Amino acid sequence: GTHCATWRRELASGMRVPPSRLFCVTQERPLEAIVGAVSVAPKGLRSPSPTPGGMAEQESLEFGKADFVLLDQVTMEHFMENLKLRFEMGRIYTYIGEVVVSMNPYKQTQLYGKDVIEQYQGRELYERPPHLYAVADAAYKAMKRRAKDTCIVISGESGAGKTEASKYIMQYIAAITNPSQREEVERVKNVLLKSNCVLEAFGNAKTNRNDNSSRFGKYMDINFDFKGDPTGGHINNYLLEKSRILHQQPGERNFHSFYQLLLGASDAHLASLHLCRDAAAYRFTSEGASNNLLASDQSNFKAVADAMKVIGFSPEEIDSVYKILATILHLGNVSFVAEGDAVEIENRELVSQLAGLTSTRPESLLRTLLYRAVATGGGEVIEKGHSSKEANYARDACAKAIYERLFCWIVGRINTVIEVKNYDARLHGKNTVIAVLDIYGFEIFESNR
């Protein structure tokens with residue numbers, strides 16, 4: 001608030017603002033809270049155990065400056081020195097004014113849970129040590145007190161912990177709302193939380209820097225009624241990394257959903273999809289499959305299936321999702337061979353399997369894979385056979401398009417369940433929003449595809 005900014009300016013008089021090259025953020029209303037994320041190697045981390053008390057009690061000078069605004073000299077060297085000291089002392093959060101810098105410890109800590117939530121609920125931003133909960137609470141209070149929309153922006157490089165941060169923010173908001181335990185509000189909160197599980201399975205992948213890296217951007221609106229209870233939400237997705245379907249960098253994997261299906265589904269389920277339990281048997285999952293399987297894949301398959309049921313997916317819709325995943329895996333194994341001027345499919349048995357999974361006629365599918373429609377100058381449409389190179393390109397483009405449409409359909413399906421229905425401001429009061437923007441993590445590759 002204004003009073004906090006005033007006394008902080010007095011404390012920091014004569015100091016300069018941190019260099020813009022460190023964090024470039026714009027704070028304009030209605031943006032009430034911004035979260036930054038930075039990834040630092042986890043050397044010597046001691047997981048802190050939060051105890052009751054104010055910020056002054058828990059953030060003595062031995063832990064470094066809890067806010068970079070209070071640095072005596074704002075230079076890169078002093079900034080990094082303070083960041084390193086706090087990290088080594090188990091303080092993974094540090095403020096820059098209303099921005100919180102989060103360092104990923106790459107291990108479980110005791111910084112979250114019901115007891116910690118109670119310490120931050122209803123407190124002002126600087127009453128407690130820096131924490132994501134403090135930012136989430138500040139955004140919620142600003143929304144509720146001023147009846148204005150607020151937004152929390154989470155930014156940083158891949159592996160910095162943005163996805164986990166967004167989940168903790170969601171968990172905090174869910175924990176502090178609906179004290180009267182209204183059934184409809186609880187349903188909305190459960191769907192919002194469960195949607196993370198499903199979106200991670202189909203939109204996240206293992207990379208060299210992160211076992212659960214988001215390969216898409218997500219902007220989530222959480223709608224609140226005049227009492228401050230969540231009434232619904234909406235998810236926008238963007239920039240899904242479709243190229244990962246076809247190729248992965250050395251040591252990385254395709255999207256989690258493929259491995260969860262291959263390792264977690266029952267033998268009978270896999271047989272009905274004409275699949276085997278070996279990720280190396282499929283071109284789209286074979287790159288590094290031998291050393292990239294995660295122990296959680298099997299258990300996550302059941303967790304995702306259960307989450308889809310809670311959200312409201314019908315058994316037929318869930319079955320269709322897995323059929324589409326199987327279709328993409330089989331499509332990657334389709335190979336073409338040149339026979340004179342024509343191109344034929346080398347492994348014809350896959351065509352009948354693909355036709356069964358997609359509920360299409362084998363001859364129609366065969367024609368789609370081997371030919372393309374060309375419009376002549378007179379308006380006539382003719383079919384022209386692919387070359388072997390064109391057939392491979394079309395197959396891969398089809399696989400990417402199918403997966404993108406599947407992902408967008410899943411997001412849309414979740415939105416139909418969580419969107420605010422039959423809301424009338426004249427009857428229910430003003431509808432306000434807290435938005436959480438989880439920006440795509442940036443990476444540097446030897447070859448960008």
Original post:
Is it the case that some residue within segment 258-266 is open to solvent by 10 Å² or more (accessible area, probe 1.4 Å), closer than 26 Å to residue 243 by Cβ and either assigned to a loop (DSSP other than H, G, I, E, B) or touching a Pro at 6+ places or on another chain (Cβ under 7 Å) (or both)?
Top reply: no
Original post:
Name the residues in segment 94-128 that are open to solvent by 10 Å² or more (accessible area, probe 1.4 Å), touching a strand residue (DSSP E or B) at 6+ places or on another chain (Cβ under 9 Å), on the phi < 0 side of the Ramachandran plot and not β-branched (Val, Ile, Thr), would you?
Top reply: 98, 102, 104, 111, 125, 126
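Test residue 180 against the criterion of being of a type outside the set (Lys, Arg) and either more than 15 Å from the chain's Cα centre (by Cα) or at pLDDT 90 or above (or both), and give yes or no.
Taking the combined requirement at face value, the residue satisfies it.
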Subject >> The listed residue being open to solvent by 30 Å² or more (accessible area, probe 1.4 Å), among the small types (Gly, Ala, Ser) and at pLDDT below 90, out of 33, 41 >> reply: 41
Original post:
Any idea which residue in segment 208-226 is nearest to the chain's Cα centre (by Cα), counting only those that are hydrophobic (A, V, I, L, M, F, W, C) and crowded, with 18+ Cβ neighbours inside 10 Å?
Top reply: 216
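Only one of 334, 343 is in contact with a Leu (Cβ under 8 Å, 6 or more places away or on another chain), open to solvent by less than 20 Å² (accessible area, probe 1.4 Å) and assigned to a loop (DSSP other than H, G, I, E, B); which?
334
Go over the candidates 405, 372, 367 one by one and state the one that is modelled with pLDDT of 95 or more, among the basic types (Lys, Arg) and farther than 21 Å from residue 276 by Cα.
405
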Subject >> Search result, residues across segment 137-174 that are open to solvent by 30 Å² or more (accessible area, probe 1.4 Å), of a type in the set (Asp, Glu) and either at pLDDT below 90 or outside any loop (DSSP other than H, G, I, E, B) (or both) >> reply: 157, 164
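Counting just the residues of segment 175-207 that are part of a loop (DSSP other than H, G, I, E, B) and in contact with a Ser or Thr (Cβ under 9 Å, 6 or more places away or on another chain), which one comes out most open to solvent (accessible area, probe 1.4 Å)?
Here the answer is 206.
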Original post:
Between a first residue in segment 255-277 that is acidic (Asp, Glu) and a second residue that is surrounded by fewer than 15 Cβ atoms within 10 Å (Cβ to Cβ), which pairs have beta carbons less than 9 Å apart while being 6 or more apart in sequence or on different chains?
Top reply: 267/277
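Could you list all residues from segment 227-249 that are of a type in the set (A, V, I, L, M) and open to solvent by less than 10 Å² (accessible area, probe 1.4 Å)?
235, 245
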**OP:** Among the numbered conditions (1) in contact (Cβ under 8 Å) with a residue 24 or more places away in the chain; (2) within 28 Å of residue 209 (Cβ to Cβ), tell me where residue 113 comes up short.
**Re:** (1)
Original post:
Within segment 285-297, is even one residue touching a Phe, Trp or Tyr at 6+ places or on another chain (Cβ under 9 Å), open to solvent by less than 70 Å² (accessible area, probe 1.4 Å), under 21 Å from residue 198 (Cβ atoms) and in a helix (DSSP H, G or I)?
Top reply: yes
Original post:
Filter segment 65-116 for residues that are touching a Gly at 6+ places or on another chain (Cβ under 7 Å) and assigned to a helix (DSSP H, G or I); which is nearest to residue 151 (Cα to Cα)?
Top reply: 69
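The values are calculated or read from the model by the stated rules, or taken from the named source; none is laboratory data. Small disclaimer: the values here were computed from a predicted structure and weren't measured. Ideal geometry is used to build each Cβ from the backbone, glycine not excepted, and the neighbour counts take in all protein chains shown. The accessibility values were calculated without ligands, DNA or RNA, using every heavy atom of the protein model including side chains. Shrake-Rupley method; radii C 1.70, N 1.55, O 1.52, S 1.80 Å.
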